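The values are calculated or read from the model by the stated rules, or taken from the named source; none is laboratory data. Here the structure is a predicted model, which means the values were calculated and not measured. Because the Cβ atoms are built from the backbone with ideal geometry, glycine has one as well, and the counts that use them run over all protein chains shown. To get the accessible areas, we keep the full protein, side chains included, count just its heavy atoms, and leave off ligands, DNA and RNA. Shrake-Rupley method; radii C 1.70, N 1.55, O 1.52, S 1.80 Å.
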Amino acid sequence: MRSPFLARLHALASSDRLAVEDDLVRRSFAELHDRALRARATLCEGRPSLDGRRVAILVSPGAAWVEAFLGVVLGGGVALPLSPLYPPGELAWFGDDAGADTLVFSADLAPRAVELAKGRRVVNVETIADGPRDEAASISEIAAIAADATALLLYTSGTTGKPKGAMITHENVAVQAALLREAWGFREDDRLLHALPLHHLHGLGISLLTTLLAASAARLLPRFEATRVWNELADQRVTTFMAVPTMYQKLFECFDAADEATRARWAAGARSLRLATSGSAALPVTLAARWKELTGSIPLERFGMTEIGVGMSNPRDPAARRPGFVGPALPSVESRIVDDAGHDSPTGPGELFIRGPSVFKGYWNRPEATLAAFADDWFKTGDIAERAEDGAIRLLGRTSVDILKSGGYKLSALEIEEALRENPAVAEVAVIGLPDEVWGDRVVAVIVPAAGAEAACSTEAIRAWARDRLAAYKIPRETVLVAALPRNPLGKVVKPELIQSLRARAPAPI
Ligand code: MLC
Ligand code: AMP
């Protein structure tokens with residue numbers, strides 16, 4: 001088998017061990033594999049293969065999501081996982097941009113999928129695995145899927161307005177899973193508590209697929225909800241947990257509101273975890289310390305990116321983890337720090353460049369953006385880093401003020417500005433991120449209102465207007481009205497100046 005991802009899956013195909021469970025079903029690896037092959041046959045509709053066709057997946061997290069996803073990749077198709085948080089218009093944009101001709105949906109999300117479904121074959125995930133497997137066609141076709149074939153498209157925001165689809169190959173998935181299996185010591189008896197969205201690398205590649213390819217099991221929650229997560233931990237049936245810093249913050253808020261007996265039960269559950277990790281955004285040292293107070297060790301913090309997978313990781317040994325650092329590069333990940341003048345700077349600070357087999361193939365249908373993202377064969381992360389003597393990397397920020405991270409979601413200020421400019425009440429707008437304890441970056445829109453349109457630019461009015469146009473997490477939490485935006489002699493808004501002047505104020509309570 002040429003795809004190392006599918007070869008690994010195939011090796012687990014006869015195992016009776018638990019692979020995935022949700023609130024309704026439990027599936028062993030053998031059942032999961034069987035159902036994924038049935039899903040494959042449904043999607044292929046009698047053709048030998050999907051042959052690189054894109055299949056959008058708009059399904060609530062659970063075992064059925066995994067079956068549909070594996071059905072697509074076993075079919076030689078490209079999975080396009082979509083978030084239920086996107087409004088219908090944005091969902092349709094993703095389907096069009098990726099050229100998806102098929103949509104797999106779950107009934108609870110059907111109202112969101114109306115626009116996306118137009119002109120596409122639609123398959124209900126509840127019946128996707130009901131049909132027979134297509135043994136004859138599938139064996140040779142699956143064996144022929146190449147290691148560098150694209151397995152999935154993960155859309156990620158950049159500095160150029162609309163998001164771009166990162167082409168993640170079968171090899172990328174397998175390399176990533178193998179690196180983390182080794183680094184984090186996954187065992188067959190591990191069970192992951194999964195509460196992350198499945199349309200991003202963290203929830204899909206780093207958490208779910210690493211777990212499954214290590215022959216461990218994943219318990220999928222429908223969504224993150226702090227009380228639910230604490231109770232699951234308290235049951236002590238899971239051994240690993242992966243989260244963004246905002247989730248840790250929300251867990252502590254919930255913990256502090258609970259009574260003493262509940263807190264004791266929850267803390268015991270957290271202590272029973274073998275591994276708790278944090279990534280997607282900087283873990284504040286205070287949150288790390290709080291987790292240590294409860295469990296005896298800080299979360300394992302690591303650095304990753306849609307385009308490169310996990311690049312750096314703190315050690316598995318809790319005593320060797322360093323708060324504020326993301327650790328040294330994982331094996332097979334090469335890294336460089338390059339200063340403003342384009343020279344290598346071993347200790348930095350400078351931009352972090354990454355190379356290696358976990359780096360993606362390029363952006364879907366955007367050769368120029370792909371070219372711009374690399375310097376020769378090094379991927380330019382856009383993160384500013386410095387390297388300690390022992391090789392551990394510390395992240396200092398981003399090269400672009402237009403890339404924000406809110407609750408672990410990467411947001412493009414330019415994309416949000418573009419959407420807001422369509423509002424006739426907005427004459428000029430600059431979107432910025434202000435430091436925030438819960439979200440990391442708090443999205444704020446600084447607006448010059450059109451004449452007489454101040455009321456239509458209030459926080460409430462803009463948030464209500466944006467609801468149908470932007471995913472909820474992209475909607476500015478606050479608007480600030482100004483008479484003019486600070487601009488440099490070339491007319492460009494000086495965002496650092498805006499951030500400086502606004503970060504001193506007390507934030508409005510949203
Ligand atoms: C939800 N809201 C957010 C938000 N998430 N607003 C800003 N930023 C966010 N990240 C909105 C909701 O829509 C809602 O809006 C309001 O905030 C309150 O919601 P909530 O119930 O408090 O939030 P919750 O649903 O609990 O979501 C918080 C969260 C979620 C942290 C669980 O944001 C999340 O799942 N983040 C993970 C993102 C992620 O997976 N990133 C990985 C990228 S890959 P309203 O208007 O309805 O009140 C990557 C690579 C790597 O970075 O290295 O990992
Ligand atoms: P995404 O494009 O959503 O995959 O986000 C990738 C970005 O998340 C990286 O380029 C970093 O800016 C940020 N990131 C990921 N992990 C960490 C971390 N541990 N600390 C700080 N930033 C991080």
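With respect to E253, determine if the residue is away from ligand 1 (no atom under 16 Å from the Cβ) and outside the structural domain of A19 (by TED's automatic domain parsing). Full working, then the answer.
Working: away from ligand 1 (no atom under 16 Å from the Cβ): no; outside the structural domain of A19 (by TED's automatic domain parsing): yes.
Judged against the criteria, E253 is not a match.
Residue under question is G75, and the condition is that it be within 16 Å of L103 (Cα to Cα) and modelled with pLDDT of 95 or more; does it hold? Break it down stepwise before answering.
Values: within 16 Å of L103 (Cα to Cα): yes; modelled with pLDDT of 95 or more: yes.
Yes: the conditions hold for G75.
Looking at the structure I just gave you, is E460 more than 15 Å from ligand 2 (Cβ to nearest atom), of a type outside the set (A, V, I, L, M), closer than 29 Å to A226 by Cα and not in a loop (DSSP other than H, G, I, E, B)? I'd like the intermediate steps shown before the answer.
Details: more than 15 Å from ligand 2 (Cβ to nearest atom): yes; of a type outside the set (A, V, I, L, M): yes; closer than 29 Å to A226 by Cα: yes; not in a loop (DSSP other than H, G, I, E, B): yes.
Taking the combined requirement at face value, the residue satisfies it.
Within the stretch 217-243, can you find the residues that are in a loop (DSSP other than H, G, I, E, B) and open to solvent by 10 Å² or more (accessible area, probe 1.4 Å)?
Quick first cut of the stretch 217-243, residues in a loop (DSSP other than H, G, I, E, B) only: 221-225, 236-239.
Result: P222, R223, F224, E225, Q236, R237, T239.
On the given criteria, is L209 in a helix (DSSP H, G or I), surrounded by fewer than 23 Cβ atoms within 10 Å (Cβ to Cβ), within 19 Å of the chain's Cα centre (by Cα) and not assigned by TED's automatic domain parsing to the domain that holds A11? Show your work before the answer.
Details: in a helix (DSSP H, G or I): yes; surrounded by fewer than 23 Cβ atoms within 10 Å (Cβ to Cβ): no; within 19 Å of the chain's Cα centre (by Cα): yes; not assigned by TED's automatic domain parsing to the domain that holds A11: yes.
Spelling it out, it is not the case that L209 is in a helix (DSSP H, G or I), surrounded by fewer than 23 Cβ atoms within 10 Å (Cβ to Cβ), within 19 Å of the chain's Cα centre (by Cα) and not assigned by TED's automatic domain parsing to the domain that holds A11.
With the structure loaded, tell me whether I416 is open to solvent by less than 10 Å² (accessible area, probe 1.4 Å), more than 30 Å from R355 (Cβ to Cβ) and more than 16 Å from ligand 2 (Cβ to nearest atom) or whether it fails that test. Break it down into steps so the answer makes sense when it comes.
Details: open to solvent by less than 10 Å² (accessible area, probe 1.4 Å): yes; more than 30 Å from R355 (Cβ to Cβ): yes; more than 16 Å from ligand 2 (Cβ to nearest atom): no.
Considered against the rule, which asks whether it is open to solvent by less than 10 Å² (accessible area, probe 1.4 Å), more than 30 Å from R355 (Cβ to Cβ) and more than 16 Å from ligand 2 (Cβ to nearest atom), I416 comes out as no.
Please find, within the stretch 261-288, the residue that is surrounded by the fewest Cβ atoms within 10 Å (Cβ to Cβ) out of those that are away from ligand 2 (no atom under 16 Å from the Cβ) and of a type in the set (A, V, I, L, M).
The initial filter retains those residues of the stretch 261-288 that are away from ligand 2 (no atom under 16 Å from the Cβ), namely 261-274.
With of a type in the set (A, V, I, L, M) added as a condition, the list becomes 261, 264, 267-268, 270, 273.
Numbers: A261: 8, A264: 12, A267: 17, A268: 14, A270: 20, L273: 17.
The residue in question is A261.
Only one of D441, D383 is assigned to a strand (DSSP E or B), closer than 23 Å to H200 by Cα and touching a Ser or Thr at 6+ places or on another chain (Cβ under 6 Å); which?
Working: D383 fails: touching a Ser or Thr at 6+ places or on another chain (Cβ under 6 Å).
When all the criteria are applied, what remains is D441.
Spot the failing condition for E126; the list is (1) within 16 Å of ligand 1 (Cβ to nearest atom); (2) farther than 30 Å from I475 by Cα, and only one is missed.
Checking E126 against (1) within 16 Å of ligand 1 (Cβ to nearest atom); (2) farther than 30 Å from I475 by Cα, the one that fails is (1).
Anything in the stretch 244-271 that is of a type in the set (S, T, N, Q) and in contact with a Pro (Cβ under 9 Å, 6 or more places away or on another chain)? List them, or say none.
Start the filter on the stretch 244-271 by keeping residues that are of a type in the set (S, T, N, Q), which leaves 246, 249, 262.
Within the stretch 244-271, just Q249 meets the criteria.
State which residue pairs qualify: first residue within 27 Å of P4 (Cα to Cα) and inside the stretch 212-238, second residue open to solvent by 10 Å² or more (accessible area, probe 1.4 Å) and part of a helix (DSSP H, G or I) in any location, beta carbons under 6 Å apart, and separation of 6 or more residues or different chains.
Between residues of the stretch 212-238 that are within 27 Å of P4 (Cα to Cα) and residues that are open to solvent by 10 Å² or more (accessible area, probe 1.4 Å) and part of a helix (DSSP H, G or I), the close pairs are L213/R8; A214/R181.
Return the pair list, or none, for Cβ contacts closer than 7 Å from residues in the stretch 395-418 that are among the acidic types (D, E) to residues that are within 11 Å of ligand 1 (Cβ to nearest atom), at least 6 apart or on different chains.
E415/S157
Exactly one condition in (1) open to solvent by 10 Å² or more (accessible area, probe 1.4 Å); (2) part of a strand (DSSP E or B); (3) within 20 Å of G304 (Cβ to Cβ) is false for L404; which is it?
(1)
Check K495 against each of (1) at pLDDT below 95; (2) away from ligand 1 (no atom under 16 Å from the Cβ); (3) under 28 Å from the mean Cα position of the chain (by Cα) and name the one condition it does not meet.
Every condition holds for K495 apart from (1).
Are any residues in the stretch 165-185 open to solvent by 20 Å² or more (accessible area, probe 1.4 Å), in contact with a helix residue (DSSP H, G or I) (Cβ under 7 Å, 6 or more places away or on another chain) and outside any helix (DSSP H, G or I), and if so, which ones?
Matches in the stretch 165-185: none.
Can you list the strands (runs of 3 or more DSSP E) lying wholly within the stretch 43-145 that have 1 or more residues being open to solvent by 20 Å² or more (accessible area, probe 1.4 Å)? Break it down stepwise before answering.
Numbers: elements: 54-58, 78-81, 102-105, 121-124.
Per the criteria, 54-58, 102-105, 121-124.
Among residues belonging to the stretch 419-438 that are open to solvent by less than 30 Å² (accessible area, probe 1.4 Å) and either acidic (D, E) or assigned to a strand (DSSP E or B) (or both), point out the one that is nearest to E253 (Cα to Cα).
We begin by selecting, within the stretch 419-438, every residue open to solvent by less than 30 Å² (accessible area, probe 1.4 Å); these are 419-420, 423, 425-426, 429-434.
The next check asks that each one be either acidic (D, E) or assigned to a strand (DSSP E or B) (or both); those that pass are 426, 429-434.
Numbers: V426: 36, V429: 33, A430: 31, V431: 28, I432: 26, G433: 23, L434: 21 Å.
The extreme case among them is L434.
Based on this model, can you work out whether R394 counts as surrounded by 15 or more Cβ atoms within 10 Å (Cβ to Cβ) and over 22 Å from the mean Cα position of the chain (by Cα)? Write out each step before concluding.
Numbers: surrounded by 15 or more Cβ atoms within 10 Å (Cβ to Cβ): yes; over 22 Å from the mean Cα position of the chain (by Cα): no.
Taking the combined requirement at face value, the residue does not satisfy it.
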